[in-house]
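*Asks:* First, the structure itself, so that you have it in front of you.
The values are calculated or read from the model by the stated rules, or taken from the named source; none is laboratory data. Keep in mind that this is a model prediction, so the values were computed, not measured. Methodologically, a virtual Cβ is constructed for each residue, glycine included, from the backbone with ideal geometry; neighbour enumeration extends over all protein chains shown.
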Amino acid sequence: MQEQLFFNIDKSDGGVHRELAPGITTTVFSGEHAQISIVRFAAGAKGTLHHHPEEQWGHCLSGSGLRFQGEEEVAVKPGDFWRTPGGLPHTMVAGDEGMVVMDIFAPPRKAYREAGSGFAVEDG
């Protein structure tokens with residue numbers, strides 16, 4: 001069987017599903033050295049403050065919300081993107097219309113290679 005190399009943001013083919021928190025789901029696509037997570041927030045959904053050793057980049061694709069990162073609270077809208085160094089506590093809260101965010105992890109988060117629930121905080 002040939003490895004899948006092409007994907008669509010609106011389809012989950014080839015991805016791993018996780019429910020991160022009430023109203024927050026993701027589909028995760030993993031490669032050898034990086035990982036993409038398409039996170040969908042219902043209106044007003046709030047994530048859990050967490051951290052992990054992997055570097056994370058985020059990009060707001062639609063909707064709006066607040067990004068909490070370290071001591072910062074930043075409003076985000078489509079087109080905004082950010083970097084979260086490994087180990088820095090962070091979370092998000094969606095605005096009234098919900099939000100879709102693309103997260104990129106390097107290296108890939110081991111726990112996100114499997115379906116499950118929660119943010120799978122990894123200290124190591």
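*Asks:* Which of (1) closer than 25 Å to Phe6 by Cα; (2) assigned to a strand (DSSP E or B); (3) out of contact with any Asp or Glu (no Cβ under 7 Å at 6 or more places or on another chain) is the odd one out, the single condition His33 does not satisfy?
*Replies:* Checking His33 against (1) closer than 25 Å to Phe6 by Cα; (2) assigned to a strand (DSSP E or B); (3) out of contact with any Asp or Glu (no Cβ under 7 Å at 6 or more places or on another chain), the one that fails is (2).
*Asks:* Filter the stretch 12-24 down to the residues that are surrounded by 17 or more Cβ atoms within 10 Å (Cβ to Cβ) and either polar (S, T, N, Q) or outside any strand (DSSP E or B) (or both) and list them by number.
*Replies:* Gly15
*Asks:* Can you tell me which residue among Val121, Val74 is modelled with pLDDT under 95 and either assigned to a loop (DSSP other than H, G, I, E, B) or more than 13 Å from Gly47 (Cα to Cα) (or both)?
*Replies:* Val121
*Asks:* Filter the stretch 1-35 for residues that are over 24 Å from Gly47 (Cβ atoms) and either in contact with a Gly (Cβ under 6 Å, 6 or more places away or on another chain) or aliphatic (A, V, I, L, M) (or both) and give the result.
*Replies:* Matches in the stretch 1-35: Met1, Gln4, Leu5.
*Asks:* Another one. Could you tell me whether the stretch 28-45 includes any residue that is among the small types (Gly, Ala, Ser), in contact (Cβ under 8 Å) with a residue 60 or more places away in the chain and loosely packed, with under 13 Cβ neighbours inside 10 Å?
*Replies:* yes
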